[in-house]
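All remarks here apply to the structure that follows.
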Amino acid sequence: MLLPMSPSLPDLSWQFWLDKPLRILIVLLGAALLAAVARLLIRRVSGGIARGTRSRIVRRLDRGRPRWVEDAGLAGARQSQRATTIGSVLSSVGTVLIWAVALLMVLSELEYDIGPVLASAGIAGVALSFGAQSLVKDYLSGIFIVAEDQLGIGDVVDLGEASGTVESVGLRVTQVRDVNGTLWHVRNGEILRVGNQSQGWARCVLDLPVPYDTNIELMTELILHEATLLRDDPKVGEFITEDPEVWGVEAVTGESVTVRVAVRTVPLKQWDVARALRLRMKKMLDREGLHVPLLNQTVIRQDGTAPGPSGAPETGQVRAVRPGGPGSGA
């Protein structure tokens, strides 16, 4: 007696592998390929964003003499840092999203009921969205801060409530140490403005008050001469990138005339140049017998003699002699 022939096992096997397993394999391969393409695109986009970095001013030796020039190498290192940060964040987010969708598709092919899972995920997402609004804001702000090169490690910045040297730049928090040594942790979402004193160049601006009856033209020449000699100073001369300028009279009061002088310097050296410039201005005033006027100064003489122990002017003070006035011989 002949038994009915059963379907061939190889046919059943091929039908099985060409059904769900094949579709699952296609989903996984598609997810891997899509993730690779996404990483490639993100790498190119982040590289394009990073190319907008300005060159930094660095110290170089020219025939044995130091000078400050733009350095593309330092900018390149900063570009690499920015590209790495942006690329890693976007790649991580893209990879997670792609594989999450692929996992849901695989579960659907295995005929698991993913409706309750999606509903639970939706409820959990709504609940987390209310509590993570500030966190998402911090991360988005951090991405744009890094992408636009608003600040970097080592920069001196003013963030409003906190100012100082940047020690760490994260996607959520930026750490700034002020001049007193306090380390400030500033959330990126709370940064509304960034004043960066380390990018490009800086300027030292000094307002010098002189007596009201001073010859302004002569005083301007003296100030410009002293500021120009500052370029030969062994300590701060190398930090000056352009010839100093006297911008003229900035203010006039009943006691003084304020003359403004400006010196362009390399970043973060404007304070050293300003200190040296103030010292030169002080010595120049002493040589000319002038002193910085005091506001609302009142001199009371009871015996009609000049101030000082022996009738001589005090150090650094010269009384103005006017025609017809005391001491003019009129």
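The values are calculated or read from the model by the stated rules, or taken from the named source; none is laboratory data. Bear in mind the structure is a predicted one, so any value in this text is a computation, not a measurement. Please note: Cβ atoms are built from the backbone with ideal geometry, for glycine as well, and neighbour counts cover all protein chains shown. Please note that ligands, DNA and RNA were not included when accessible areas were found on the heavy atoms of the full protein model with its side chains. Shrake-Rupley method; radii C 1.70, N 1.55, O 1.52, S 1.80 Å.
Computed from the Cβ-Cβ distance with R0 of 30 Å, the FRET efficiency linking Glu245 to Thr182 stands at 0.25.
Taking the average, over residues, of other Cβ atoms within 10 Å as the packing measure, peptides 237-247, 142-152, 103-113 rank 142-152, 237-247, 103-113 from highest down.
Note on exposure: Arg280, Arg287 ranked by accessible area (1.4 Å probe, complete protein assembly) read Arg287, Arg280, with the most exposed listed first.
Applying the Karplus relation 6.51 cos²θ - 1.76 cosθ + 1.60 with θ = phi - 60° to region 239-256 yields 3J(HN,Hα) values of 7, 8, 9, 9, 5, x, 10, 9, 7, x, 6, 9, 7, 10, 10, x, 9, 8 Hz, where x marks Gly and Pro.
Take the Cβ atoms of Arg275 and Leu104, set R0 to 51 Å, and the FRET efficiency comes out at 0.20.
In terms of the mean number of neighbouring beta-carbon atoms within 10 Å, the peptides 25-32, 261-268, 198-205 order highest first as 261-268, 198-205, 25-32. Taking θ as phi - 60° and the Karplus parameters 6.51, -1.76 and 1.60, the scalar couplings of region 176-193 work out to 10, 9, 7, 5, 8, x, 6, 8, 9, 9, 10, 5, 4, x, 9, 7, 9, 8 Hz in sequence order, x denoting glycine and proline. Could you estimate the translational diffusion coefficient of region 120-232 from the Stokes-Einstein equation, with Rh from the Kirkwood formula over C-alpha pairs, at 37 °C and 0.692 mPa s, in whole µm²/s? Once the numbers are plugged in, D ends up at 185 µm²/s.
The lysines whose alpha-carbon is closer than 24 Å to the alpha-carbon of Lys235, local same-chain residues fewer than 8 away aside, are Lys269, Lys282, Lys283.
Estimated at 0.36 nm per residue, the fully extended path between Glu288 and Arg193 surpasses their Cα-Cα distance by 29.7 nm. Applying 1/(1 + (r/R0)^6) with R0 = 35 Å to the Cβ-Cβ distance of Thr253 and Arg203, what FRET efficiency is obtained, to the nearest 0.05? So the FRET efficiency works out to roughly 0.90. The stretch between Asp158 and Asp233 holds 24.0 nm of extra length on full extension. This uses 0.36 nm per residue minus the Cα-Cα distance.
Here Lys20 is the anchor, and the aspartates and glutamates within straight C-alpha reach of less than 15 Å, apart from those fewer than 8 places off in the same chain, are Glu109, Glu111. Candidates Gly254, Ile240, Ile223 compared by Cα position along the dipole of region 192-257: farthest toward the positive end lies Ile240, with charges placed on Cβ. Inter-label distance, Leu218 to Glu111: 10.7 nm, where each label sits 7 Å from its Cα along the C-beta direction.
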